[in-house]
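The values are calculated or read from the model by the stated rules, or taken from the named source; none is laboratory data. Note that the structure is a prediction, hence the values are computed from the model and not measured. All Cβ positions, even for glycine, are placed from backbone atoms using ideal geometry, and neighbour counts span all protein chains on display.
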Amino acid sequence: MSTTPPAVTTRSFAGQFIMPAFWIFVVPILSLLFFLHAQSTFDGQLRTNILENVRIDKTLTDEDRAAWTNYFQNVPFSVHILRPGVADEVDPQLRFNYATFRWMIRLSVISLVGGAGVFLFAGICVWISMQSQMALYRCLSINWQVLRIYSAVQTVILGCLIFALSFWITALWLHVYYAQLIFFAGILSIGGIIAVIRGIFLRPQTDVTLEGHVLGPTDSPRLWDELQTICEDVGTNPPDQVIAGIDDNFFVTEQLVKVDGKPYRGRTLFVSLPLLKKLHSREADTILAHEMAHFSGDDTLFSERISPLLWRYSVYLQQLEQGGVTIPVFHFMMSIRALFELALGKLSRQREFRADQIAASITSPEDSAGALLRTLAYSKFRREVETALFNQQEQLDSADVGHQIERGFADYSLLFAGDPVISEMATAHPFDTHPPLVARLSALGLTLNADEARSILEIPGDGGWYDRIDNAHELEEQQWRTYEEKFKSAHQHSLPFRVLPATPAEQAIVETAFPAITFEGKGGTTKLDFEKLEHPSWKDALYFREIARCEFRNNRMLEIFFDRNGARLSRDIDIKTFDKQPQQQLLAAFRQYYGRYLAAAEFQKQLKPVAAEETASEPDSRDSGDNG
């Protein structure tokens, strides 16, 4: 599938990742300032009391009184209490208060210094990691260990600070404390610690499941003979297995893959049957040489090592994002992950450029350009065909994706050649990111205008590599049938969530999945269907399109706010008037039916701009075709 990567500027990167990372310093800074203030306040109050006691103490000589006065005017009690033997003579509660201030100040400083140190360390590692794939793997591994320890310690510190603040802010300034606030802060802190522990020990599933037909070294001899030749030219060993599927890309991997539930280890090459059919033999040579070059450069070995790290990092981030008190830690770690993404992106581009150079040296830069163009055109056309089918507001008699692409690709590819954004498109890959077309062609010393692209695409591919796979047509047709059945099933399942019925046929589609239901209560019958809610205490029905928001109050009242005739109104339902089981059923059904309406309304809202854009672009598409 073709994609157009968004332009990321320094400002947008900083705003999206770096600035949120500084939230991790907010609580420590506030805590440091507050507990310094609390300690100073206590020091001031005690200084006044002590000096007054010294002044009126008649047992002191004038010399001793002057000495003690000078001492306590210059030495805060928070310092005095740390001297040997002093704390033992102080009231236990006061001693505990000062210990709390002291430790919260220490924890705040530890948090601030630790965060700055870890961020600096990560920045240095990111710079080192840009030097090579092995440097990236080692730096990411080390950072993962450091960040796990740091995030756990930081979560505990944040929890302690928030818990202490929940008591002392009100106690110091309002001279009261709120047990509910303290309890909530405690629960928040414990929840964060649990999220960290869960994230550390959670083991993500990293197996790769592929759809396709596995071809071993003894299957399709002509295919393997040609692959062997290409591997010899590249200077690498052939793959252990080839998976022939109908996805719109080619790729290699050394990760464990599963096909039909069976695991396959070692080197795997995935080839796209429908794309092979559209490519010239030399274009397919280029693509396959490019993929084999990833083997020769140990790119797939690197991906096999680093993928589990990235998966674990992602799973850990998900846990932190849901941990409440860990959200600042999440943003901090996300910023470091984004910094490493810069290194990953740089090395990924280098890998792709290297593989392109090797492939072009075996075939030619022109063959590489043709392969990239035809692959991009096919992917974009397939996406448009599938999107148009999936957006249909009626049940599909037949998905027929493969045949539609087959029939329309030749004409579409000529229009595609004139697409002004073609140079910024990039081929899809399940394990890596690809540079845009213009960068890859430039690295090969090529520039390509619309006329040159059209001249390449107007000549149909010979499908030479497709013919080297035994029973390729039968394998492809079988996979398309399976895929199209899944496509139809997904379309049928999602259709009720995308339709706002305007015809009897559309209403029947929605009512099949969301039939009208009733609930018997003490006041009468409450009715619910796909577009409205009726309650015996209301004079008329309430339509979902009128609802602005809903609230469930006191575990009893469902209050619904709606707009009608320019006014904001409300109605409520006392669910206690229903039996216990129907209460839960009514609430669940209302969420489902109203949720369906919201999903359909949002889909229709997104669909209208797309339809308007397509209508507006039709003359341009015709012009670009005629100019050829």
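Has the range 108-117 got at least one residue that is in the same structural domain as residue 164 (by TED's automatic domain parsing), closer than 18 Å to residue 40 by Cβ and crowded, with 18+ Cβ neighbours inside 10 Å? First the steps, then the outcome.
In the first step, residues of the range 108-117 are kept if they are in the same structural domain as residue 164 (by TED's automatic domain parsing); the result is 108-117.
Within this subset, residues satisfying the condition of being closer than 18 Å to residue 40 by Cβ are 108-109.
Filter again for crowded, with 18+ Cβ neighbours inside 10 Å, leaving 108.
Taking every residue of the range 108-117 in turn, at least one turns out to be in the same structural domain as residue 164 (by TED's automatic domain parsing), closer than 18 Å to residue 40 by Cβ and crowded, with 18+ Cβ neighbours inside 10 Å.
Residues are listed down the side, and each one gets a yes or a no for (1) at pLDDT 90 or above; (2) under 30 Å from residue 374 (Cβ atoms); (3) of a type in the set (A, V, I, L, M, F, W, C):
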position	(1), (2), (3)
271	yes, yes, yes
309	no, no, yes
319	no, no, no
329	no, no, yes
333	no, no, yes
354	yes, yes, no
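Of all residues in the range 378-409, count the ones that are surrounded by 17 or more Cβ atoms within 10 Å (Cβ to Cβ), assigned to a helix (DSSP H, G or I) and among the small types (Gly, Ala, Ser).
Total satisfying the criteria: 2.
Only residues that are surrounded by 13 or more Cβ atoms within 10 Å (Cβ to Cβ) and not charged (D, E, K, R): list them for the range 539-551, please.
Across the range 539-551, the qualifying residues are 541, 542, 543, 544, 547, 550.
Within the range 535-550, is even one residue among the aliphatic types (A, V, I, L, M), part of a strand (DSSP E or B) and more than 22 Å from residue 583 (Cβ to Cβ)?
Yes, some residue in the range 535-550 is among the aliphatic types (A, V, I, L, M), part of a strand (DSSP E or B) and more than 22 Å from residue 583 (Cβ to Cβ).
Could you check the range 10-82 for helices (runs of 4 or more DSSP H) lying wholly inside it with 3 or more residues that are closer than 30 Å to residue 338 by Cα and either hydrophobic (A, V, I, L, M, F, W, C) or under 45 Å from the mean Cα position of the chain (by Cα) (or both)? Outline the logic, then answer.
Details: elements: 10-13, 26-56, 62-74, 77-80.
Passing ranges, in order: 10-13, 26-56.
Considering only residues that are among the hydroxyl-bearing types (Ser, Thr, Tyr) and assigned to a helix (DSSP H, G or I), which ones fall in the range 132-185?
Correct list: 137, 141, 150, 151, 155, 166, 170.
Take residue 299 and tell me if it is charged (D, E, K, R), surrounded by fewer than 24 Cβ atoms within 10 Å (Cβ to Cβ), in contact (Cβ under 8 Å) with a residue 60 or more places away in the chain and within 23 Å of residue 435 (Cα to Cα). Break it down stepwise before answering.
Values: charged (D, E, K, R): yes; surrounded by fewer than 24 Cβ atoms within 10 Å (Cβ to Cβ): no; in contact (Cβ under 8 Å) with a residue 60 or more places away in the chain: yes; within 23 Å of residue 435 (Cα to Cα): yes.
No: the conditions fail for residue 299.
Out of all the residues in the range 450-476, which are surrounded by fewer than 16 Cβ atoms within 10 Å (Cβ to Cβ), over 14 Å from residue 276 (Cα atoms) and charged (D, E, K, R)?
If the condition is that a residue be surrounded by fewer than 16 Cβ atoms within 10 Å (Cβ to Cβ), over 14 Å from residue 276 (Cα atoms) and charged (D, E, K, R), then 451, 452, 458, 474 are the ones that fit.
Taking the conditions exactly as written (in contact with a helix residue (DSSP H, G or I) (Cβ under 9 Å, 6 or more places away or on another chain) and more than 25 Å from residue 302 (Cβ to Cβ)), does residue 115 satisfy them or not?
yes
Name the residues in the range 495-505 that are within 13 Å of residue 531 (Cα to Cα) and either among the small types (Gly, Ala, Ser) or assigned to a helix (DSSP H, G or I) (or both), would you?
496, 497, 502, listed by residue number.
Just one of (1) surrounded by fewer than 18 Cβ atoms within 10 Å (Cβ to Cβ); (2) within 21 Å of residue 469 (Cα to Cα); (3) within 23 Å of the chain's Cα centre (by Cα) trips up residue 249, so point out which.
Condition (1) is where residue 249 drops out.
Could you tell me how many of the residues in the range 586-605 are surrounded by 14 or more Cβ atoms within 10 Å (Cβ to Cβ) and closer than 17 Å to residue 559 by Cα?
So the count comes out to 6.
Here's a check for you: in the range 138-166, which residue that is crowded, with 18+ Cβ neighbours inside 10 Å and of a type in the set (Ser, Thr, Tyr) is farthest from residue 317 (Cα to Cα)?
Among residues in the range 138-166 that are crowded, with 18+ Cβ neighbours inside 10 Å and of a type in the set (Ser, Thr, Tyr), the one farthest from residue 317 (Cα to Cα) is 166.
Mind listing whichever residues of the range 543-564 are within 16 Å of residue 601 (Cβ to Cβ) and of a type in the set (A, V, I, L, M, F, W, C)?
Listed by number, the residues that qualify are 544, 547, 548, 550, 562.
Given the conditions (1) out of contact with any strand residue (DSSP E or B) (no Cβ under 9 Å at 6 or more places or on another chain); (2) more than 22 Å from residue 375 (Cα to Cα), and given that residue 283 satisfies all but one, which numbered condition is not satisfied?
So residue 283 meets the others, but not (2).
Is it the case, given these coordinates, that residue 525 is within 22 Å of residue 398 (Cα to Cα), exposed (fewer than 12 other Cβ atoms within 10 Å of the Cβ) and either free of Cβ contacts under 8 Å to residues at least 12 places away in the same chain or not assigned by TED's automatic domain parsing to the domain that holds residue 272 (or both)?
When the stated conditions are applied, residue 525 does not pass them.
Can you spot a residue in the range 269-288 that is without any contact (Cβ under 8 Å) to a residue 24 or more places away in the chain and not charged (D, E, K, R)?
No, every residue in the range 269-288 fails to be without any contact (Cβ under 8 Å) to a residue 24 or more places away in the chain and not charged (D, E, K, R).
Look at residue 473 and say whether it is within 30 Å of residue 513 (Cβ to Cβ) and at pLDDT 90 or above.
Working: within 30 Å of residue 513 (Cβ to Cβ): no; at pLDDT 90 or above: yes.
Against the criterion (within 30 Å of residue 513 (Cβ to Cβ) and at pLDDT 90 or above), residue 473 does not qualify.
Looking at the range 495-515, which of the residues that are surrounded by 13 or more Cβ atoms within 10 Å (Cβ to Cβ) and aliphatic (A, V, I, L, M) is farthest from the chain's Cα centre (by Cα)?
Checking each candidate, the answer is 509.
When you look at residue 524, is it at positive phi and in contact with a His (Cβ under 9 Å, 6 or more places away or on another chain), yes or no?
yes
Has the range 577-598 got at least one residue that is at pLDDT 85 or above and not in a helix (DSSP H, G or I)?
yes
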